[in-house]
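Working notes, beginning with the structure itself.
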Amino acid sequence: MKTQDIVKFIESINNLDTKNYSRLKEAIEKRDSIKFVSFILNNDYSGEESPCPYCGADKYQKWGIRNDLQRFKCEICKKTFNILTGTPLANLHKKGRWLMYAQCLIDGLSVRKAAAKCGVHRNTSFRWRHRFLKNTNLIKPEKLSGIIEVNELIFARSDKGDKNLKRKSRKRGYRSSKYIPYKDRVYTMFLRDRGKNTFDDIIYKFSAEKLKPNLSPLLSKDSLLCSHNKSTYLRYTKENNIRHGILNLSKRESVKKDIVHINNILKYQQDFIVWMERFRGVATKYLHNYLSWYREMDEFDFKIVAETVLIRAKRPEKYNTNHFR
Ligand SMILES: [Zn+2]
């Protein structure tokens, strides 16, 4: 566009009627939001952190910009890619609305409410949610230290949204976990050290053998594991030679020797359950996304910002997680 044409165009803005002025304003806002999101994505990038998504090489050069995203060409495999290739955000449309969507996640909006707010279809909203959350699973502490509290939560298996459901679906959950039949139980492990590092995982059978691969890498010689007196924990700590602070909850024992308690993890679980209520039951296959999402917010003391959500969402799948702490 020539300069004189631009001047004419700007002058013509004064003559626009309300409807057309709104259209113009909307177009400018849309462009701004796309530019802004692209700016955030483009600027959180370095070859050291993100190798070529095709061959893993770290030798590549800038190869122009397309759709506002920086492209690269790998010097080894000669393939081109952009900053989102190989990440959960690859091939998602309507980039300009991603930041707003990230805020909807922070605000804990339902799929429908987030869809309405961002002006996208509810199916898109659902897809975005799980793409945005996919990487949160990658950030878990590899080690916990000192006094570590452990407790489990039982969820009823839910096939919500599963079109190939063989049995009749349940309309409502169970009032309490003790009413959940064993075959429908999904156990969630929560571990938290006194430095507020939290680990969670889903196991389908609650036994000392099943606990071992989850728990053992997190603990070290000086760990003191605090739990209630469930036989599974007793067996696990005995077999694996781990110091164990045991609370007898049925005798209302809540603190022993001033340090043995599980109050932090109980509070964490309680808050998690309250936070989950807004989603009105989630499918078991997505439960880990919600666990991780809550853990991520807790890590930021519930002050995480939309830009961080976006940057974390676009990590390549094999990312070294500690960088983001
Ligand atoms: Zn390559």
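The table below lists the values:
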{"item": "Among the listed pairs Lys210/Lys238; Lys205/Lys256; Lys285/Lys314; Lys79/Lys134; Lys113/Lys267, those beyond 19 Å (Cα-Cα)", "result": "Lys205/Lys256; Lys285/Lys314; Lys79/Lys134; Lys113/Lys267"}
{"item": "Inter-centroid distance (Cα atoms) of segment 257-313 relative to segment 94-153, Å", "result": "11 Å"}
{"item": "The chain, relative contact order in percent, only Cα pairs under 8 angstrom and at least six apart counted", "result": "21 percent"}
{"item": "All-pairs alpha carbon distance profile, segment 1-82, 5 Å steps from 0, percent", "result": "3, 13, 15, 14, 12, 10, 9, 8, 8, 6, 2, 0"}
{"item": "Hydrodynamic radius of segment 198-309 per Kirkwood, over alpha carbon pairs, in Å", "result": "16.1 Å"}
{"item": "Proxy reagent accessibility, fewest Cβ within 10 Å first, across Tyr187, Tyr101", "result": "Tyr187, Tyr101"}
{"item": "Per-residue [θ]222 nm for the chain (sum of -39500 (n - 2.57) over DSSP H runs n ≥ 4, rounded to 500)", "result": "-11500 deg cm²/dmol"}
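The numbers here are math on the coordinates, done by the rules we state, and not lab data. Model, not experiment: these values are computed from the prediction. Cβ atoms come from the backbone with ideal geometry, glycine included; neighbour counts cover every protein chain shown.
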